[in-house]
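> Have a look at this one.
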Amino acid sequence: MKKRGIFSVFLLSVLLLNASLLLLWVVFYYLTAGMVQRNMRLQAETGSEVIISSMERELLAMENTAYELGHDEELADLIGCTEPLAFYDSCNAYLDAHPLSSGDLSRDNALIVFNTEGLFYRLRGNISNTTLKRCFYLMESGGGKGFTVTSNDNSYIASYESIRNGRDRAGYVLMLMDQQRIESFLTAYDDLDYLGVALLSGDRILCSNKELRAEDISGLSENAVFVKEKEVGISGLRLLVWCEKGISARMAAYFRIVMPVSIALLLLLLALFMRYLRRRVVKPIGSIIAATAEEGDKPLPYTGEEYFDSLVDHVNDMLRRMEERERELYESRMHLKETELEAERTLITLLKKQISAHFTVNTLNVVRAMINKGEKAEAARICDELSTLLRYANAADEFISLLEEFYVLRQYIGIMQARYPGRIEAEIEDDDAFAGEFVPRMLLQPVVENAILHGLSGGKGRVRLSAELSEDHIVIRVEDNGSGMSAEELKELRKELSDDSPIEMQELNHVALKNVQRRIRMVCGGDCGISIESAEGSGTTVILRLSRRG
């Protein structure tokens with residue numbers, strides 16, 4: 001009976017130990033889950049205010065511009081043209097007189113003006129013709145003021161305002177916001193994997209950081225601990241922010257780590273407990289039994305001890321250090337990526353600055369001379385052309401349609417003809433199809449300048465500019481009938497153009513065909529670039545081969 005009683009005490013002790021550990025685990029789980037839920041809700045409320053504020057600043061800058069254009073009676077009258085070139089000239093004249101303030105607008109967004117005939121003018125951006133025609137169809141069909149479109153491998157969120165001429169609609173102002181930029185606001189709190197953010201237009205989901213169906217929106221209030229919805233701007237777009245019930249995936253992973261650790265801890269404690277019983281209970285009792293066997297029945301003494309250890313604080317500290325390390329690595333990667341993008345943008349900006357101060361000063365001297373001669377109309381024309389040229393050369397958008405590039409070159413050649421009267425003839429062959437083809441801004445100006453200053457060598461001659469479209473490429477030819485180059489000079493120039501060594505900063509301080517070559521290859525790849533044909537006394541032809549984007 002005594003041995004059976006000792007064994008029962010031992011089993012009871014083991015059961016109590018297991019029950020205590022299980023109870024500790026359950027209490028720990030529910031306390032932690034409750035604390036996590038409260039923290040999730042608090043972070044969701046704070047994050048929703050930041051995201052909504054960021055989105056409102058982004059959208060209101062576009063919508064303010066669109067609203068002003070939509071209620072401008074002068075613009076409503078101008079876009080009534082039905083002939084493409086007349087429509088384009090009208091819009092270009094309007095933009096010259098009313099330049100857009102680019103300080104409030106993101107460089108990734110686009111603004112386009114349409115008339116009721118479907119003709120469009122890009123105030124900002126390089127969206128393809130096909131995409132703009134589809135946008136016009138969606139606006140005309142009245143299927144909602146918000147939708148998504150894709151152009152040149154980029155996705156955009158579209159919203160539009162009507163342009164009114166009195167009570168009649170004269171056209172539309174279309175706003176295209178870069179979806180990747182909008183999604184960057186929605187994913188600003190991606191480390192909070194329980195926070196959901198979606199941009200809506202009516203019942204349509206434009207973008208979301210989580211998988212969400214339209215039919216699920218009405219049931220969010222039942223399946224989330226926090227839901228907030230707010231209309232942003234005046235375009236009818238709505239921002240929906242919610243916090244999911246339950247614990248996050250990261251916390252679930254944490255519990256998956258703690259569970260095997262707890263089991264291992266339990267086994268270790270059981271082993272220690274068995275050793276303790278063997279040394280402090282079983283052996284002493286055996287000795288007592290042996291010692292009292294000769295003395296008869298006597299009450300056996302009983303001693304027992306339970307001990308529990310917990311590693312919760314240690315595990316919490318370990319996970320906290322892991323999270324801090326993950327956050328530091330993420331911030332380092334994002335900083336490195338932003339640094340690389342900024343370096344690339346700086347290089348492209350430097351390559352675009354092709355109009356020198358020397359050229360500007362010489363042109364202004366020509367204007368002053370004309371004014372002194374009383375040729376005020378001609379001086380005003382030159383000023384307008386110089387203004388157009390400088391505005392296009394220093395605009396934020398990297399790409400421009402080929403039709404617009406040819407238009408700007410007409411202004412540049414007009415200035416050069418005024419500087420060298422009677423010495424330069426120009427022939428530019430453009431086509432309406434060029435409106436949908438995009439090239440790097442001010443790419444051709446240094447080539448034309450080279451043809452005038454070096455090809456014609458200060459004498460009288462002709463410069464011809466043309467382009468051809470193939471299935472995958474744009475081929476542009478700049479020809480002059482000047483003195484040409486010797487075989488040795490041509491060989492040296494071709495060798496310079498084939499040099500792919502890194503661009504040195506000093507090379508950017510002057511206009512050179514080598515810089516144009518590198519800019520083309522940076523944008524279009526190694527299979528594109530410049531080739532030159534020339535013979536002494538027979539003129540020079542520069543051929544630019546670019547990949548099609550529109």
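> Using per-residue counts of other Cβ atoms within 10 Å, averaged over each peptide, order 160-170, 486-496, 196-206 from highest down.
Values: 160-170: 15.5, 486-496: 12.3, 196-206: 19.5.
Highest to lowest by the protection proxy: 196-206, 160-170, 486-496.
> How far apart, in nm, are the 7 Å Cα→Cβ label points at Arg462 and Asp89?
2.4 nm
> Quote the FRET efficiency, to the nearest 0.05, computed for Glu375 versus Asp168 with a Förster distance R0 of 35 Å and r equal to the Cβ-Cβ distance.
Plugging the Cβ-Cβ distance into 1/(1 + (r/R0)^6) gives 0.20.
> Let me ask something additional. Once the other residues with Cβ under 13 Å from the Cβ of Ser401 are scored (Lys, Arg +1; Asp, Glu -1), what is the net sum? If you can, show how the numbers build up before the last one.
Numbers: positive: Arg122, Arg124, Arg441, Arg548, Arg549; negative: Asp397, Glu398, Glu404, Glu405, Asp430, Asp431, Asp432, Glu437.
Combined, the nearby Lys, Arg, Asp and Glu give -3.
> Take the cross-link list Lys210/Lys230; Lys210/Lys245; Lys133/Lys210; Lys133/Lys230; Lys491/Lys514 and give me the ones stretching past 25 Å between alpha-carbons.
Lys133/Lys210; Lys133/Lys230
> Follow-up. If the chain between Arg321 and Lys491 were fully stretched, how many nm would it gain, using 0.36 nm times the residue separation less the Cα-Cα distance?
On the way: separation 170, 0.36 × 170 = 61.20 nm, distance 6.27 nm.
Value of the extension gain: 54.9 nm.
> Enumerate the amide H contacts of Cys207 below 5 Å, restricted to partners 5 or more residues apart or on another chain; note that Pro and chain-start residues carry no placed amide H.
Leu199
> How large is ³J(HN,Hα) for each residue in the range 360-377, as worked out from phi by the Karplus curve 6.51 cos²θ - 1.76 cosθ + 1.60 (θ = phi - 60°), to whole Hz, x for Gly and Pro?
With coefficients 6.51, -1.76 and 1.60, one gets 4, 4, 4, 5, 5, 5, 4, 4, 4, 5, 5, 5, 5, 7, x, 8, 6, 5 Hz.
> Among Lys373, Lys228, which comes first, then next, by fewest other beta-carbon atoms within 10 Å? Write out the running numbers ahead of the final one.
Working: Lys373 10, Lys228 16.
Listed from fewest to most nearby Cβ atoms, that is Lys373, Lys228.
Bear in mind that the values in this text are calculations on the coordinates, not laboratory data. Keep in mind that what you see is a predicted model, and the values were worked out from it rather than measured. Because the Cβ atoms are built from the backbone with ideal geometry, glycine has one as well, and the counts that use them run over all protein chains shown.
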